[in-house]
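Before any comments, here is the structure.
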There are 4 protein chains.
Amino acid sequence: MSEYILKIKCADEKGLIYRISDIVFKNRLNIQTNNEFVDKQNKMFFMRAELSGELNESEFCGTLEAVLPSGAVVSCAKKTKKDIIILATKESHCLGDLLIKFDSGELNANIVAVIANHEILKSLVERFNIPFEFVSAEGLSREAHEEAVLNVMSKYSFKYAVLAKYMRILTPNFVAHYPNQIINIHHSFLPAFIGANPYKQAYERGVKIIGATAHFVNENLDEGPIITQDVINVNHEMSWQDMQRAGRACEKNVLAKALDLALEDRLFINENKVVIF
Amino acid sequence: MSEYILKIKCADEKGLIYRISDIVFKNRLNIQTNNEFVDKQNKMFFMRAELSGELNESEFCGTLEAVLPSGAVVSCAKKTKKDIIILATKESHCLGDLLIKFDSGELNANIVAVIANHEILKSLVERFNIPFEFVSAEGLSREAHEEAVLNVMSKYSFKYAVLAKYMRILTPNFVAHYPNQIINIHHSFLPAFIGANPYKQAYERGVKIIGATAHFVNENLDEGPIITQDVINVNHEMSWQDMQRAGRACEKNVLAKALDLALEDRLFINENKVVIF
Amino acid sequence: MSEYILKIKCADEKGLIYRISDIVFKNRLNIQTNNEFVDKQNKMFFMRAELSGELNESEFCGTLEAVLPSGAVVSCAKKTKKDIIILATKESHCLGDLLIKFDSGELNANIVAVIANHEILKSLVERFNIPFEFVSAEGLSREAHEEAVLNVMSKYSFKYAVLAKYMRILTPNFVAHYPNQIINIHHSFLPAFIGANPYKQAYERGVKIIGATAHFVNENLDEGPIITQDVINVNHEMSWQDMQRAGRACEKNVLAKALDLALEDRLFINENKVVIF
Amino acid sequence: MSEYILKIKCADEKGLIYRISDIVFKNRLNIQTNNEFVDKQNKMFFMRAELSGELNESEFCGTLEAVLPSGAVVSCAKKTKKDIIILATKESHCLGDLLIKFDSGELNANIVAVIANHEILKSLVERFNIPFEFVSAEGLSREAHEEAVLNVMSKYSFKYAVLAKYMRILTPNFVAHYPNQIINIHHSFLPAFIGANPYKQAYERGVKIIGATAHFVNENLDEGPIITQDVINVNHEMSWQDMQRAGRACEKNVLAKALDLALEDRLFINENKVVIF
């Protein structure tokens, strides 16, 4: 028996679960887990189910689409490790966390390559037998550098691009190449402290908690749909550098958790929000 | 259109959701929210749905039971405020929290009475126009006191009995009168620090977090199914009395949250665990 | 033997602790606890000590000031319950939490009065034998209403004014009457979601954590020095009203904790930040 | 100017701070930060200060000891990176976290070697140019294996031995070789779930939070002085393997935080508790 993950997103209407479970039942599939959510404001229906049994993916999706409202987005795929690509700059805490998990087999993904705009992480990455692609931004316009990065990315096949402290602002053009596929970690609890050096901003505001936010990247800086967030306590004794150091554990955990959810197909983008099952 | 909450607990087998959603659909009911869970270890199926439409509760449950495995527990009831009774001793923080919420209409329940083994809370309770029943334990055996309390309880109709820091150990006989209906707040993160004065135990062990646990009461002290837990940080400067003071906010929040879940019919007892939707 | 709290804030220089402890020792006082902090950026020294023994407060402060840099702010007072006044509007969760604690003697303060711009809380407050002062804002300009409130406040003596969900924006003129004495609870983790209906803002942004912030009030809305903050998790199933309901527990705990710290003389305002011992 | 950390632990008596600050002042040292704590129950005084200036460490300690109660433990040393040794078994999450930090220079320590009772981590460790010492336990009694491990340890100089998921129970004899120098991570919030497979224990008890505890190791299993603890939420959908996976992030953060505190000389062992500055 194989295991599949079924995801459905469509306009809400009466009888959806009945129609879907009818088809699941007639295909002699077992529902291992099942989650549904109706966004009443936007009248949208979301469902994720883990199924066991045997099915032909495209045929099964077609049968479902036939009974669902037009415009329904249906996907069904065997549970497998996905391919991801990582973009980084100089800091190793988020990247290193993923490398260690990858190395032990705990990460539910294959890391196909790491791209960076500095060379400092090269040695670390190559120790894990992962291709390291250095794309210097020096002397290049933002657009020219992105072109070079996109060029490298196009050599690889991947489901998600993970920005593991990639300290470059992306243009809408770049993002448009990988819609809903880029996951970023921002080092503040958004929407507080958008932009540069959030730890310094937090220090100057005198906050008592700092945090991190993992989100899908869209065309507006730090405004994409939020996946996960967490915070840690800080106090008056801490400089902004102390906050930065303390914040790193938060950053890597938040990114790792968001990525785990993505890799298990638990996320739906719903306008500018994320539905998580 | 009315709103109902449907709860189903039964042995797991293929096609349950199909059969249930078929009946829901044929009764022209709208599923507002829907949660399912399969306990694979015990092969049990749990489901909670919020339905809107019109139905005859007992007829509807009967129709469902007819297509479900034998032994299925099905309940369906209109969304309404439930009646609760509160047992307390001397401390007012958990009780007071419920009184304030009751008074503002925020509590999803009617408090039919407060029973206490001390008189100190009488003035507070009566200010909220709630009957206060003083049942002194003085000079009574545990059994005789419980008999007196049960006697008072039998005058009232209620869905849940809430032990809001009721500092008496209950006998299995007492508990048997209200199976799965008694919710207690224990002032530690169970299973640590079972029994008397957990804050003192925590102080003496030198822990860096303390907590609180809301649980259903069964025949074994502090071993009933856990509903909610939370913790707070403590440090070396704190005496056990400081921990006790700090822990009160945790206790009242944990109890309030557990009670909210119970009042919205979100809890299923599954052996010694609680399934929460 | 009496117990005193000594607070010192002055420009930092070498030998401060030596000079202070010399005077403490010569006055035969016992240091029960002692905390110091040097803000290196602003070159400021902060100290709080709990002393036991016998002393003349003003004489003792004078002796200390004589050896400290000019401009030193020194206070020393016996540990006692402080007087506070509460301002509220319609919601009872923060107010009620303080009333319950006051009633049990747990609150380290006397509540001298509650002032509100609506009458809805009158019955609750009066049940606790606390004067309720209704100052309607109807038909009044902001300035005229504040004048009326200030008029009522001037009848009472108090150390802190606690805004327990007082839903009126204060003018700088109002705040100037009670500098560093007004403590507010804002229903978001500042600086996110400044202004009106932060829960709706949070819902619309799709955040996964919401929070609350207690802060001293200064002339800029929601920009005063932050005392305490905390957060809770939210999810895609929650409407903004659900977030508001869930956030109330967070709000009342954050305000209560900030007030406890203020009442124990643990706070120093340091520019736009708060040093907490 | 150099930077030193001064630590003092002695019987409490009047005038200690005066006497200490007198000597600090006369040595023309600047106090950068200063923390004191008096354990009133045990009448013990604890102090940690960061000093800048120039001093002769042993002379300075001697001068202080001369004015402190007999039995005072005084240490003063320049701020430097300490040497640590790591013991591990098969899991790489805690070890890997330290390796990544070490590699980036963020860890305030040099890792002199990793000792393991399995060979699986060899490749990972050697990629970081750190000696890996494999000491198989196969066919050996507990005592014989410990003898072999102690033998390897004796080749290295280190301040702390970090048990990064070293899944061997230590005998009192082993621990006695490194009193107050061994830091362990236990995968539960102690004192709950002492012993083997705490995640399975947690799953079976049906708790709603799980956690991790870093502690100094003493002769009693899982009963040493606790340094740091943290928890994460779990739910009914999680198997004990899910809890184990989720708990790993908690484990590595808790261990890393405890180690940071130890490396900055912020810990004092006070009977079976830890004072943290």
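The values are calculated or read from the model by the stated rules, or taken from the named source; none is laboratory data. What you are looking at is a predicted structure, and each value in this text was computed from that prediction instead of being measured. Backbone-built Cβ (ideal geometry, glycine too); neighbour counts: all protein chains shown. Just the protein is used for accessible areas: all its heavy atoms, side chains included, with ligands, DNA and RNA removed. Shrake-Rupley method; radii C 1.70, N 1.55, O 1.52, S 1.80 Å.
Looking only at strands (runs of 3 or more DSSP E) that fall completely inside the range B:164-257, which ones have 1 or more residues that are open to solvent by 60 Å² or more (accessible area, probe 1.4 Å), of a type outside the set (A, V, I, L, M) and within 10 Å of chain D (Cβ to nearest Cβ)?
Numbers: elements: B:182-186, B:209-216, B:226-233.
The qualifying strands (runs of 3 or more DSSP E) are B:226-233.
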Would the range D:45-56 turn up any residue that is within 12 Å of chain C (Cβ to nearest Cβ) and free of Cβ contacts under 8 Å to residues at least 40 places away in the same chain? yes
Filter pass, residue B:199 being in the same structural domain as residue B:163 (by TED's automatic domain parsing), under 18 Å from residue B:169 (Cα atoms) and at pLDDT 95 or above: yes
Is it the case that residue D:267 is open to solvent by 10 Å² or more (accessible area, probe 1.4 Å) and not aromatic (Phe, Trp, Tyr)? yes
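Name the single residue that is nearest to the other protein chains (Cβ to nearest Cβ) among those in the range D:1-18 being surrounded by fewer than 16 Cβ atoms within 10 Å (Cβ to Cβ) and outside any strand (DSSP E or B).
D:14
State the number of residues belonging to the range C:143-163 that are in a helix (DSSP H, G or I) and either in contact with a helix residue (DSSP H, G or I) (Cβ under 8 Å, 6 or more places away or on another chain) or closer than 25 Å to residue C:251 by Cα (or both).
5
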Looking at the range A:167-180, I want the residues that are in contact (Cβ under 8 Å) with a residue 12 or more places away in the chain and have a partner that is surrounded by 13 or more Cβ atoms within 10 Å (Cβ to Cβ) and hydroxyl-bearing (Ser, Thr, Tyr) with Cβ atoms under 7 Å, at least 6 apart or on another chain. Which pairs are those? A:167/A:89
The range C:205-221: number of residues that are in contact with a Gly (Cβ under 9 Å, 6 or more places away or on another chain) and within 12 Å of residue A:207 (Cα to Cα): 2
Quick check on residue D:21: is it free of Cβ contacts under 8 Å to residues at least 60 places away in the same chain, farther than 23 Å from residue C:23 by Cβ and not in a loop (DSSP other than H, G, I, E, B)? no
Taking residue A:34 as the residue in question, decide whether it is within 24 Å of the chain's Cα centre (by Cα), buried (at least 16 other Cβ atoms within 10 Å of the Cβ) and within 14 Å of another protein chain (Cβ to nearest Cβ). yes
Would you point out which residue out of B:266, B:245, B:205 is under 27 Å from residue D:186 (Cα atoms) and among the basic types (Lys, Arg)? B:205
Got a sec? Which of A:155, A:159 is touching a Lys or Arg at 6+ places or on another chain (Cβ under 6 Å), over 27 Å from residue C:212 (Cβ atoms) and of a type in the set (Lys, Arg)? A:159
Could you check residue B:80 against (1) more than 29 Å from residue A:277 (Cβ to Cβ); (2) without any contact (Cβ under 8 Å) to a residue 40 or more places away in the chain; (3) within 11 Å of another protein chain (Cβ to nearest Cβ) and say which number it fails? (3)
Being over 19 Å from residue A:18 (Cβ atoms) and of a type in the set (Phe, Trp, Tyr) is the requirement here; does residue B:60 meet it? no
Taking the conditions exactly as written (more than 17 Å from residue D:184 (Cβ to Cβ) and among the charged types (D, E, K, R)), does residue D:90 satisfy them or not? no
